[in-house]
Amino acid sequence: MSPLSTRTPTSSSSPRADRRSRPRKRIATSATLIAVGRAIDAVAVDVSIGGAKVVTPAPLAVGSQVSVVVIVEGEIVDAVATVIWSAPHGGTHHAAGLAFEQIEHEARVHLARFCGVAAS
C-alpha cells in the first residue's frame, strides 16, 4: 500500500496505542517526511520520545514507514517511523501519528529533555 493512501485510525486496543501514554509536548515546527522516495512537507504539532503527530497535505497510509526530519529547539531530530494512524484534519489537510522505530541516541536524549522526561 502506498504511504500516501488513506486508512482509518487504529483502535485503542492496538499494541502500539500505549506509546501515546508517553508525555507529549506541543510544538509547531516544519518537518520533512520521506515516503516512497518522495519528500513531503509537514508540520509537527507534538512530539515525544516515542513519536510525533504531524499534519500533511495528503494522507499517509497506516503501517507505512517514513523517514522524518524535524528541528526541535535548534537540534535536528532524524528518525525512521511507522504511521500508526491517519485522519482528516482541518478540511484540506491530514494528521498522522508516527511511532519512532529508529532514532539516534543523541536525538532521543534531546527529545527527552525537551519533553521533560528521562530518556530510556
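The values are calculated or read from the model by the stated rules, or taken from the named source; none is laboratory data. Everything numeric here is computed off the predicted structure, so don't read it as measured data. Cβ: placed from backbone, ideal geometry, glycine included. Neighbour counts: every protein chain shown.
Values computed for the structure shown
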| item | result |
| --- | --- |
| Selection within region 23-37 - free of Cβ contacts under 8 Å to residues at least 24 places away in the same chain and under 19 Å from GLN65 (Cα atoms) | GLY37 |
| Sole residue being of a type outside the set (S, T, N, Q) and assigned to a loop (DSSP other than H, G, I, E, B), chosen from ALA107, ALA95, ALA118, ALA99 | ALA118 |
| When residues of region 97-120 are limited to those that are of a type in the set (D, E, K, R) and within 19 Å of VAL66 (Cα to Cα), the one surrounded by the most Cβ atoms within 10 Å (Cβ to Cβ) | ARG108 |
| Pair list, Cβ < 6 Å and 6+ apart or interchain, from region 92-120 residues that are closer than 19 Å to VAL80 by Cα to residues that are acidic (Asp, Glu) and not in a helix (DSSP H, G or I) | HIS110/GLU75 |
| VAL72 out of contact with any Pro (no Cβ under 6 Å at 6 or more places or on another chain), aliphatic (A, V, I, L, M) and modelled with pLDDT of 95 or more | no |
| Neighbours by Cβ (under 7 Å, 6+ apart or cross-chain): first from region 70-91, part of a loop (DSSP other than H, G, I, E, B); second of a type outside the set (Asp, Glu) | GLU73/PHE114 |
| GLY63 being more than 12 Å from the chain's Cα centre (by Cα), at pLDDT 95 or above and either among the β-branched types (Val, Ile, Thr) or closer than 21 Å to ARG22 by Cα (or both) | yes |
| Selection count where residues are over 14 Å from VAL80 (Cα atoms) and part of a strand (DSSP E or B), scope region 17-38 | 7 |
| Exclusive hit being surrounded by fewer than 21 Cβ atoms within 10 Å (Cβ to Cβ) and of a type in the set (Ser, Thr, Tyr), set SER67, SER86 | SER67 |
| Within region 23-39, tally of residues that are farther than 16 Å from GLU73 by Cβ, at pLDDT below 95 and buried (at least 17 other Cβ atoms within 10 Å of the Cβ) | 1 |
